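Trainee: The structure is given below, and queries will be raised subsequently.
What follows is calculated from the coordinates using simple rules that are stated; it is not laboratory data. Small disclaimer: the values here were computed from a predicted structure and weren't measured. As a convention, Cβ positions derive from the backbone with ideal geometry for all residues, glycine included, and neighbour counts pool all protein chains shown.
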Amino acid sequence: MGLKPATNPEVEAATIELTIDGRTVTAKDGVSLYDVISSTGKIIPAMCYHYTFDPFGSCGMCLVMQEGKKAPVRSCTAKATAGMIIRTEGDDLFQARKKAVEKHLSVHPLDCPVCDADGHCELQDMAFQHQVTNLANAKQKLIPEDTRSLVLDFNMNRCIACGECINICKDVQMIDALQFAKKGGFTQVVAKGDVALSCEFCGDCLAVCPVGAITNKYSKYLYKPWQLKKTTTTCNYCGDGCQMYVETKDTEVVRVTSPLSWKNKWGDRAETAKGHGGLCVRGRFGFQFIDSQARLRQPLVRRDGRLVEAPWLETMHQVVDRLAAIKAQHGPNAIAGLITARCTNEELYLFQKVMRVAIGTNQLDSSARYGHANFVHAVRQALGVGRMTSGSEDVSKAKAILVVGSNITETNPVASVRVKQAIRVYSAQVIVVDSSNTNLAKLASHPTLVKPGTEGLFVQGLVKSVLEQDLVDEEAVGRQPDAFASLKQAAAGLSLDAVAAQTGVPVEQIHEAAAIFAEAPRAVIICGEGIVRRSGGYQDVLTLIDLAWITGKLGRPGCGINTVVEEANEQGAMDLGAVPEFLPGQARFDDEAARAKFAKAWGKDKPVSLPSIGNGAHLAEILNRCRNGQIKALYVIGENPLATLPASFGVKDALAKLELLLVQDPFLTETAQLAHVVLPACTFAEKDGTVTNQEGQVQRVRQTMDPIGESLPDWHIMTALASGLGYELSYESPQDIQNEIMKLLPGYYNLGQPKKIVPNPDAYLSHGYTALLAGRYGRAAAATGREAGRPFRLTMGQLLYHSGKLSTQASGLIKIAPNTGKLRMNAQDMERLGVGDGARVRVSSERGSLEMGVQVDQALLPGACFFPEHFNEPPVKDLMAVEVGQVTGVPSFKMTAVSIEKI
Amino acid sequence: MSVGALTKKVLQAALFYEIWDAMKVTFKHMFYKPITFQYPREQRTIPDTHRGALGLLRYDDGRERCVGCDLCEAACPSHCIKVISTEDQDRPLQRYASEFYIDITKCVFCGYCVEACPVNALAMTKMYEYSTHDKRTLLFDKQRLYQIGERYISDAKKYLVAHHQEKDDQSSREYRYFFPQSVLKATQPPPKHLT
């Protein structure tokens, strides 16, 4: 049912009538004939067609007879017009299609037995369906295979020149990395410029290739489709929550495929606004960590200073005894817990329940604290809902998109496809505010390069500009005149010239961006790590909400304020209370009604007593209390604070002071190496459960294979631990935990359909708005002042090919993007310093200095340098200073001022 | 009972007539050609179409025929075949079976795997003597299958001919499939641009 979208979704196309196989069919004008036929449920074979892009018309299979024409016509490239009389079946058409298959097969090698696409090949299916048995004049191309790319092999002997790979790369991904080239007498698909393919490696070309012309290097020749067990699950890397198929052979993950495939070629184009079903490089090629050799297979216990393997039962007894002893001696507040947001919802819920009830402390935190907490707190404060407010469809159909401080094509590549679709299909105007020249900025209509660290200030400039240009939405501000007056007063002190000077963006450009955003009927804000992970992130999100409010975008359909998150389930961690300030359902921990409800639900006969209010601690506070000896035992699930936080934060000292450091992780992380006990946990591929993506969709995670070694799912270990501590839990599967959550939080399990949010800022604007305004405008952007002698801004951030520290365990991703150990710099800066690619420099910040190599990065502005946060070799993170947010406790440590000198 | 009949009965009893009557059959059979034969001293002649133990074959130049396509595994009705294929490190772009198992205890000797094989790498032989004290040895691995194939190569070739898998021994060099990367000598002259 592919209907070509009109460029302007508001305009309805005219309706026409035509006859197909004797039936009268109504269709929209301007739609391809093939789409009209397939919308009636009739499937005509077509090898070069896919609903996500425009028809290409090269395979010659979609032939139909049109009355009045002698020869069959290609239905995909023919426009449906009123009054057409079409016949789609008949012996003549069958023979014509058979000829087309024979034409393709006559230059196609019959190497099906060695081809990876064997059994999953459209040409094979078509040859079988059309009973092709003899090939006259068959000849071979004998083209050598192109194995230059790191990830994909191109065997152009098998190519049928359908162009699907090129079209999806150009139209859907907007990367345009592939092209046709006449080479050796044949039309071949090559990387642009006929060099080794080096692109984003999303692998969508691999997914749509109907034959075996593009093959996956990581699983080449390892499988035949019928050997693999295919499990639908949700990707565990970022918060996009892409659905994917993990294909396994016994206990080995062979490959990952996506719902996007040549097999699903019939669909409604309008549906791609919600997602095209593809994956990114991390999801598709980063699966090797699941069955990695580095996985922990046995519990480890420290004996005589060394971690040695021990049986589960003995280890658990020891852990329970030591925890019970610490609790008895020092009280429950001598124990704290940290959990990663890559765990499932069930595990996050169970974790906070175990910590709060079995142990009795509110000292718990999750990795949502590293940034997403800023967004959730701000949005919850202002709008009453603790998550982003628009779905992917709103982003695809927006007329203006403001992307602030987010390198979205790198951090959340599949979410960025929605922005690209808005640009391509709906001609949206996109304002990309970032300190580097991101890939999205190159596609955007209004790329805005700001000086590093001034994204928040630029947003203030936008608000000021809206006020100055009088672009405010009278209806929205008219309802809250007091709040508007105080906003005006607060912004009065801010001068646009000062903003322009500090951000490096001319005043006219600020005015233009503000006008585009304010005047668009559907405008969407996306803020990323450049806002939420920086100091003052909470305030900057509130400023963004101000912007949306005064331009009347709050509550209007198609508008919204959104974020992108780094780990799969950061939203779930906030929702299910794996943070000290919230109980499940984002009920405040000090909310008496909610406390009573959960105390009753969690007790067997009588309500349990929850930890008292005021003793809770977030990540930074937990580490502080470890350091000063208040906390004696730390239970760390999948987190790795030692490798994440800078050395100046003293994590090592804090952990060294502990009497019991209990780490539960699939890998022996840096933190685990210091632990007293390490419990082997499963990855997402070995357990059932759900995760909540950044849009609030709760999606299933399914077990694809048996756990590696003796590792166990986290929920299993936590259940055993709680039972050992005297709080009997009778969960036998994640389903039991899920049932409990369903009872307590009705409607949370929306399974892919999040509840529609209607943001309502009225309560916030009429109460306490003025207090929160104090000091927000004109606040010197935290890291703008250039400290004397340190002219460079060092940023640590995410790479496209990696996610957190987890992806460094995936050999496929390390092969694409190894740790170069080099600082990325602007070419001009390098020239000025007199250093070439690979030369060594000394980088010094207020926290220390180190020697490292440098390399050119075209995306960076002069004065900026970058190092990926995934690698600690050399320990660049230790140059950073940590600033803990006042309101939300978010530690921000991704940016600092440095000096660079040649050695 | 009449006197005559009684006399006859007494006489027959005295002369052990019934024994002689039975022995007549025995003596007659001494002059027949025996149906049984003295296994294992005598071996039976087995027809070429016999479905015995499976063996893997090589080409005359010693290369493994198997390309690890896994069609035998797909065709096997009793799921006794397991193929693990990979790329040949010595000859890039050549797929081969790095491991190949046939659980002969599960095999039903239907011969579908031979039929499915596109390169005639599998064949059945006349070998049926593999009784053992250790059941584990009945999981034939790749090495064992090639041993069988080498030792009973003539049986295997006869089998393939008898089942119309191959025309004659000479044509075993001819592939049923065309593999651009794997052929040493192309069956057709390469196009002009490659010469």
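Trainee: I'd like the mean, over residues of A:319-332, of how many other protein chain beta carbons sit within 10 Å of each residue's own Cβ.
Mentor: Taking the mean over all residues of the peptide, I get 0.
Trainee: Using only Cα atoms, tell me the angle between helix A:312-330 and the longest principal axis of chain A; keep it within 0 to 90° and round to the nearest 10.
Mentor: It works out to around 40 degrees.
Trainee: Taking every DSSP beta bridge that has both residues in the protein assembly as shown, what percent is antiparallel when rounded to the nearest 5?
Mentor: Percent antiparallel among DSSP bridges in the protein assembly as shown is about 60.
Trainee: Further, regarding this structure: Give me the inter-chain shielding for A:104-114: mean count of other chain Cβ atoms within 10 Å, whole number please.
Mentor: Rounded to a whole number, the mean comes out at 5.
Trainee: How do the peptides A:574-583, A:822-831, A:887-896 rank, highest first, by the average count of neighbouring beta carbon atoms within 10 Å per residue?
Mentor: Going by the mean number of other Cβ atoms within 10 Å, highest first, we get A:574-583, A:887-896, A:822-831.
Trainee: Between B:Asp103, B:Asp61, B:Asp48, where does the largest GNM mean-square fluctuation fall for chain B, given springs only between Cα atoms within less than 10 Å?
Mentor: B:Asp61
Trainee: Specify the residue with the greatest mean-square fluctuation among B:Asp141, B:Asp90, B:Asp155, computed from a Gaussian network of chain B linking alpha-carbon atoms under 10 Å apart.
Mentor: B:Asp90
Trainee: Most exposed first by the Cβ proxy, i.e. fewest other Cβ within 10 Å, how do A:Met852, A:Met61 rank?
Mentor: With the sparsest Cβ surroundings first, the list reads A:Met852, A:Met61.
Trainee: Pick out, from A:Val132, A:Gln753, A:Phe201, the residue whose Cα sits farthest towards the positive end of the charge dipole of the protein assembly as shown, with +1 on the Cβ of Lys and Arg and -1 on the Cβ of Asp and Glu.
Mentor: A:Val132
Trainee: Could you work out how far apart the two model spin labels at A:Phe94 and A:Asp29 are, taking each label as a point 7 Å from the Cα in the direction of the beta carbon, and quote it in nm?
Mentor: With each label point 7 Å from Cα toward Cβ, the separation is 3.9 nm.
Trainee: If R0 is 35 Å, what FRET efficiency do you get for B:Ser154 and B:His133 from their C-beta distance, rounded to 0.05?
Mentor: 0.75
Trainee: Let me have the relative contact order for region A:792-902, percent, based on Cα pairs under 8 Å that are six or more residues apart.
Mentor: This gives 38 percent for region A:792-902.
Trainee: Still on this model: Could you please state, rounded to a whole Å, how far the C-alpha centre of region A:341-380 is from the C-alpha centre of region A:573-604?
Mentor: Using only Cα atoms to place each centre, the spacing works out to 11 Å.
Trainee: Let me ask something else about it. Over what distance in Å are the Cα centres of region A:178-255 and region A:43-118 separated?
Mentor: That distance is 25 Å.
Trainee: Given A:Val463, A:Gly863, A:Ile708, which one lies farthest toward the positive end of the charge dipole of the protein assembly as shown, if we put +1 on the Cβ of every Lys and Arg and -1 on the Cβ of every Asp and Glu?
Mentor: The residue sitting most towards the positive pole is A:Ile708.
Trainee: A follow-up question, please. Between their Cα atoms, which of A:Lys141/A:Lys224; A:Lys224/A:Lys249; A:Lys224/B:Lys82 are more than 21 Å away from each other?
Mentor: Distance filter (> 21 Å) returns A:Lys141/A:Lys224.
Trainee: Moving to a separate point now. In peptide A:213-224, what is the residue-averaged number of other protein chain Cβ atoms found within 10 Å of each Cβ?
Mentor: 3
Trainee: Lys/Arg Cβ at +1, Asp/Glu Cβ at -1, dipole of the protein assembly as shown taken about the Cα centre: which of A:Gly57, A:Ala672, A:Leu18 is farthest positive-ward?
Mentor: After comparing all options, I get A:Gly57.
Trainee: To continue, here is another question. Where does the protein assembly as shown land at 222 nm, in deg cm²/dmol rounded to the nearest 500, when only DSSP H runs of n ≥ 4 count, each adding -39500 (n - 2.57), divided by all residues?
Mentor: Dividing the helical sum by the residues of the protein assembly as shown leaves -8000 deg cm²/dmol.
Trainee: For the pairs A:Lys263/A:Lys397; A:Lys399/A:Lys464; A:Lys606/A:Lys632; A:Lys28/A:Lys263; A:Lys632/A:Lys657; A:Lys170/A:Lys265, note any where the Cα-Cα span goes beyond 19 Å.
Mentor: From A:Lys263/A:Lys397; A:Lys399/A:Lys464; A:Lys606/A:Lys632; A:Lys28/A:Lys263; A:Lys632/A:Lys657; A:Lys170/A:Lys265, over 19 Å: A:Lys263/A:Lys397; A:Lys399/A:Lys464; A:Lys606/A:Lys632; A:Lys28/A:Lys263.
Trainee: Something else: Order by neighbour count: A:Met742, A:Met84, fewest other Cβ atoms within 10 Å first, most last.
Mentor: Final ranking by Cβ density, sparse to dense: A:Met742, A:Met84.
Trainee: Only four residue types carry charge here, +1 at the Cβ of Lys and Arg and -1 at the Cβ of Asp and Glu. Report the dipole size of chain A about the Cα centre in Debye, rounded to the nearest 20.
Mentor: I would put it at about 860 debye.
Trainee: May I ask you to sort B:Arg91, B:Arg65, A:Arg793 by Cβ crowding, counting other Cβ atoms within 10 Å and putting the fewest first?
Mentor: B:Arg91, B:Arg65, A:Arg793
Trainee: ³J(HN,Hα) across region A:481-493 via Karplus (A = 6.51, B = -1.76, C = 1.60, θ = phi - 60°), whole Hz, x for Gly/Pro?
Mentor: Here the 3J(HN,Hα) series is x, 5, 5, 5, 4, 6, 5, 4, 5, 5, 7, 4, x Hz.
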